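Reading through the structure tokens given below for one structure.
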Amino acid sequence: ESYDMGGHDTYMHKEIHEQVDAVDRVLRGRIDDRFSTVRLGGLNLDAREARGVRRVKILGCGSAYHTGLIGAQLIEELARIPADAEPASEFRYRNPVVDPDTLYIAVSQSGETYDTLAAVQELKRKGARVLGVVNVVGSAIARETDGGVYVHAGPEVCVVSTKCFTNTAVAFALLALHLGRIRDLSVADGKRIIAGLRKLPEQIAEVLGGEEEIKKLAAEYANAKSMMFVGRVRGYPVAREASLKLKEVSYVHAEAYPASELKHGPLALIEPEVPTVAVLPDDDLLEKNRATLEEIKARSGRILAVAHREQEKADHTIVVPRNEVELDPILMGIPLQLLAYHTALALGRDIDKPRNLAKSVTVE
Ligand code: G6P
């Protein structure tokens, strides 16, 4: 993509709409249908090394950290390797135990975020193997890591990350599939995930087609005192990222919680002026999530659900197309980008340059 606005008023809007092509690009040339495997030329991790990985630790900041949460779940689900994500700054300040059997992955749009780069350098000093999942080719993190996956989102100008977030999540799905097929993911499951990945661009276009509806919802919720975002397991990183996005661009206060934690404190905040956005994929946790909606309704909370079918308990539902359950977080985040965008627009915010924020933080 170019820096030309192409008829969009803001880069954020342009970049949200570029996701259809961007996702197509991160997949292009990387899938081998004969064996249902993935080719990642720059990974620099052979099959023997991949089999020796006992744990995966993903590090990043802001939206990159949130894609790391999605990445960790994908790696656990598809490759059955214990995996987790941590903010890069927390990791480097706590003098972590650096384990030779752990694969470390630094994730960054710019490849220049100081905290993430410093974490990579500390890991390298201690002899760890570190890969990068990075957008900007040839950036500092891309150079200092042992190999990795480029996310090919194209230039992202808006401070708030959208297309790069989505493409990074897809890049993690490819990496998870690659590691899975080297370990014990079946050909059939590989095929199923590949078919799901290929459906994404068309399904993203479908979600974006609902923009007018989301704009109306944004107008309805824009005057909230605060917003709660909840989800369970696959829905939780989506809730976290949506909450961050809303805060960054609209300055509406928002909190994200695992849905099951609501009753351990935040339920006290629920009232009509504090609506909840609930992310409810049609997976084995749907019934539990519906029970959470009932708890919120019982406290007169308003609910906006993002789900695969209309939710009775919710005041409004944004219905997203079904894909493979493992890939749900990728698609479910997209309507919530539009919700943040239209909330900010309704409130007259400076969308591409929110106050107090920088696109990349290259100082400590
Ligand atoms: C800044 C930006 C965030 C971004 C974070 C990490 O704080 O405002 O939107 O997620 O840096 O940036 P990176 O380039 O490392 O992904």
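Laboratory data are not the source of any read-out in this text; all were calculated from the coordinates shown. Source: prediction; values computed, not measured. Here the Cβ positions follow ideal geometry from the backbone for every residue, glycine too, while neighbour counts run over all protein chains shown.
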If you place +1 on the Cβ of every Lys and Arg, -1 on the Cβ of every Asp and Glu, and leave all else neutral, what size is the dipole of the chain about its Cα centre, to the nearest 20 Debye?
-> 800 debye
Packing-based exposure ordering (other Cβ within 10 Å, fewest first) of Arg322, Arg54, Arg30 = Arg54, Arg322, Arg30
How far is helix 62-74 tilted, in degrees, relative to the longest principal axis of the Cα atoms in the chain, given as a value from 0 to 90 rounded to the nearest 10?
-> 70 degrees
Which of these, Ile70, Ile296, Ile141, has the largest mean-square fluctuation under a Gaussian network model of the chain (Cα springs below 10 Å)?
-> Ile296
Restricting the count to DSSP beta bridges whose residues both fall in the stretch 1-141, what percent are antiparallel, rounded to a multiple of 5?
-> 10 percent
³J(HN,Hα) across the stretch 236-246 via Karplus (A = 6.51, B = -1.76, C = 1.60, θ = phi - 60°), whole Hz, x for Gly/Pro?
-> 5, x, 5, 4, 4, 5, 5, 5, 4, 4, 4
In the stretch 171-301, what percentage of the DSSP-assigned beta bridges are antiparallel, given to the nearest 5?
-> 10 percent
Out-of-range pairs (alpha-carbon distance over 29 Å; input Lys216/Lys297; Lys163/Lys263; Lys126/Lys353; Lys14/Lys199) | Lys163/Lys263; Lys126/Lys353
Taking the Cα centre of the stretch 212-284 as the origin, how large is its charge dipole in debye, to the nearest 20, when only Lys and Arg (+1) and Asp and Glu (-1) carry charge on their Cβ atoms?
-> 200 debye
Pairs from Lys247/Lys313; Lys57/Lys247; Lys57/Lys124; Lys215/Lys245; Lys247/Lys359 whose Cα-Cα separation, in the structure shown, is over 18 Å | Lys247/Lys313; Lys57/Lys247
Estimate the FRET efficiency between Arg28 and Glu49 by the formula 1/(1 + (r/R0)^6), using the beta-carbon distance for r and 25 Å for R0, to the nearest 0.05.
-> 0.45
Measure off 7 Å from each Cα along the Cα-to-Cβ vector at Val361 and Glu206, then give the distance between these two points in nanometres to one decimal.
-> 3.8 nm
Along the charge dipole of the chain, which of Leu262, Val134, Leu331 sits closest to the positive end, that is, farthest toward it, with unit charges on the beta carbon of Lys, Arg, Asp and Glu (+1, +1, -1, -1)?
-> Val134
Antiparallel bridges, percent of DSSP beta bridges restricted to the chain (to nearest 5) = 5 percent
Which stretch or stretches of the stretch 207-224 have amide N atoms under 20 Å from the point lying 7 Å from Asp4's Cα along the Cα→Cβ direction?
-> none
